1. Scan region 100-138 for residues that are among the charged types (D, E, K, R), modelled with pLDDT under 95 and surrounded by fewer than 24 Cβ atoms within 10 Å (Cβ to Cβ) and jot them down.
2. Pairs under 6 Å by beta carbon, first residue under 15 Å from Gly391 (Cβ atoms) and charged (D, E, K, R) in region 430-451, partner at pLDDT 95 or above and crowded, with 24+ Cβ neighbours inside 10 Å, six or more apart or different chains?
3. List the strands (runs of 3 or more DSSP E) inside region 1-93, counting only whole elements, that have at least 2 residues being in contact (Cβ under 8 Å) with a residue 60 or more places away in the chain, surrounded by 10 or more Cβ atoms within 10 Å (Cβ to Cβ) and in contact with a strand residue (DSSP E or B) (Cβ under 8 Å, 6 or more places away or on another chain).
4. Checking Ile417 against (1) within 23 Å of Met467 (Cβ to Cβ); (2) in contact (Cβ under 8 Å) with a residue 40 or more places away in the chain, only one condition comes out false. Which one?
5. Among the residues of region 362-370, is there at least one that is of a type in the set (A, V, I, L, M), part of a loop (DSSP other than H, G, I, E, B), in the same structural domain as Leu317 (by TED's automatic domain parsing) and surrounded by 19 or more Cβ atoms within 10 Å (Cβ to Cβ)?
6. Which of (1) farther than 17 Å from Met467 by Cα; (2) in contact with a strand residue (DSSP E or B) (Cβ under 6 Å, 6 or more places away or on another chain) is the odd one out, the single condition Ser392 does not satisfy?
7. Looking only at region 186-198, which residues are buried (at least 17 other Cβ atoms within 10 Å of the Cβ) and assigned to a strand (DSSP E or B)?
8. For Ala30, only one of the following conditions fails: (1) more than 29 Å from Ser556 (Cβ to Cβ); (2) of a type in the set (A, V, I, L, M); (3) in contact with a Cys (Cβ under 9 Å, 6 or more places away or on another chain). What is its number?
Amino acid sequence: MDKFDWQHKLADIYSSFPEGRYKPIIGITANHGEDTCKIADAYYKSIVTAGGIPVVIPPLADKDIITGTLKHIDGLVLSGGGDYNPLFCGEEPSPHLHSINSERDLPELIVTRLAYNRQIPILGICRGIQTLAMALGGKVAQDISEHMMSDEGNKEKARLPIKHSQDASRNEPTHSIRIEKDTILHTLYNKERMAVNSFHHQAVTDPGDRFRIAATAPDGVTEAIESREFKSIIGVQWHPECLENGAPLFSWLVKQAANFHEANELHERILTLDTHCDTPMLFPQGIKLSCRNPQSLVDLHKMDEGRQDATIMVAYLPQPKIGETFSSKVEYEVDSPTEYADLIFDKIEEMVLENKDHVSIARTPADLYGDKRHKRKSIMLGIENGLAINGSLTNLKHFAQRGIVYITLCHNGDNDICDSAKGCNTHNGVSRFGEQVILEMNRLGIMADLSHGSEKSFYDALEISRMPIVCSHSSSYSLCNHPRNLTDDQMRALAAKGGVAQTTLYHGFLNTDSEATVLDAIAHLEHAIKIMGIDHVGIGTDFDGDGGIRGFSCSSEAINFTRLLLSRRYSEQDIQKIWGGNFLRVMTTIQSVREG
């Protein structure tokens, strides 16, 4: 075909449908100079070879442009370029500082932070690894030689320097790196030493808490970092797009971008519900749902970033000890636990009203699905501690009319309903009054939650209730022997009655020997599946109630949890069940027979 016969090429595109097949879209941050926005062709050619679609991201700090762009890409390459203005990290310029790029610094820092929050896979190259550190809590030396001189007194750090800014061609490796074992980089190359090119005089000196060092040069200079939060983020100091051995990094990025796209598409089709969060505990600090609050783990921004549709926000009521009054335990002036719970629900409803175009109160599963169709987030209301009814069955009806979907019968301490897992065995399980409460909850269509109940309270409630019961945020005792967790026998009994147990993310309920991570949460979830079956499990994070672990630390990382489930070959149907489908089945059952 004549290459100038463009109409023939056009006809070929339209000869079948769809015109082209999906490939992951990879954004590349562009350089700026001489009144031009430019990018070296090796970047986009490497992406194409790896199976992706490259798009250039111009260096603009406009929030609408940045957020609009990030909504449409599946992966991100932070490209190389000049030095950062040191004022962005609170430093004055070194005499060894090279030229800075005032057009590029601010947009790229913002792009990186927002892409990180959205869980977009990232590959940082040369300046890009430094961008990752600058944007996400690490440190960068303005000049490597100065940094090494400052370490001369430290024999561990002081090494014979090597040349990091080569004169050779860009496709010529000029020094070696040592790759750490048990890293993604080691998995990609299956070797501990590798030759790379080198075009820099700055380098990461501290990767920060979010990253680990994955490779170093012989003089100790950091050559690669990668996420220690189970995110798809790697930064390398060399230029892999110019090397024959660079392909594995671009193939990795495109594969991760495809997985990210798959998880996003899945979240578009399924409903994702977190069955327990304590965000109202932070209301006295003045947090708002519409602001991305560093203090809280759940807000509209984080839910949007994590593609999380809904959460059950609870009014948590602390249990007074003998001699204490309830009003002395809370930050608002109230006369009773009932008044306090109502105050919390009033505040939630006020915040929802302020953001009514983006979120609403849902009282039934049908409400949740309606909100999803209209692209709104949902908040359901729950009570943590039956103390809220203040000893009155009439108050149960009041809360049912407010739309409460469940009541956790007790908290950390026995109350007049039942004994707590951290109680004194006051009633030897559920009290006589507690039996009336459970039966009235059955009648009113309110779920009974035994997450904080003692083992005897749990079994009593199973026997008393005519409906399935739930444990909105409990993990497995077999994997972590904490009294708040459920034994295998409890799980079997719960499943036999049709109930559900929602794995929680409180570190002390997951792992008492070391730092708990998202891998521990998955281990607890999979143990529950093994014991109970896939139809009786779910996720109740306990965010803002001390829940949150590395890899699943807030609502923005919900999509990463789904990616891990997909990588373990869970089906869409199973993931829907885990992400609230089982819990909503029980809710539907209980609400369908309610009276009054």
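1. Within region 100-138, Glu103, Asp105 qualify.
2. That search, which allows pairs on different chains as well, returns nothing.
3. Working: elements: 25-29, 31-33, 36-38, 53-57, 75-78.
Where strands (runs of 3 or more DSSP E) fall fully within region 1-93 and carry at least 2 residues being in contact (Cβ under 8 Å) with a residue 60 or more places away in the chain, surrounded by 10 or more Cβ atoms within 10 Å (Cβ to Cβ) and in contact with a strand residue (DSSP E or B) (Cβ under 8 Å, 6 or more places away or on another chain), they are 25-29, 31-33, 75-78.
4. Failed condition: (2).
5. Kept after step one, since they are of a type in the set (A, V, I, L, M), are these residues of region 362-370: 362, 366, 368.
Among the residues that remain, those that are also part of a loop (DSSP other than H, G, I, E, B) are: 362.
Now restrict to residues that are in the same structural domain as Leu317 (by TED's automatic domain parsing): 362.
Going one step further and asking which of them are surrounded by 19 or more Cβ atoms within 10 Å (Cβ to Cβ), we end up with 362.
There is at least one residue in region 362-370 that is of a type in the set (A, V, I, L, M), part of a loop (DSSP other than H, G, I, E, B), in the same structural domain as Leu317 (by TED's automatic domain parsing) and surrounded by 19 or more Cβ atoms within 10 Å (Cβ to Cβ).
6. Here Ser392 meets the rest and fails (2).
7. Within region 186-198, Met194, Val196 meet the criteria.
8. (1)
The values are calculated or read from the model by the stated rules, or taken from the named source; none is laboratory data. Predicted, not measured: the structure shown is a model, and the values here were computed from it. Counting neighbours? That spans all protein chains shown, and the Cβs are built from the backbone with ideal geometry, glycine included.
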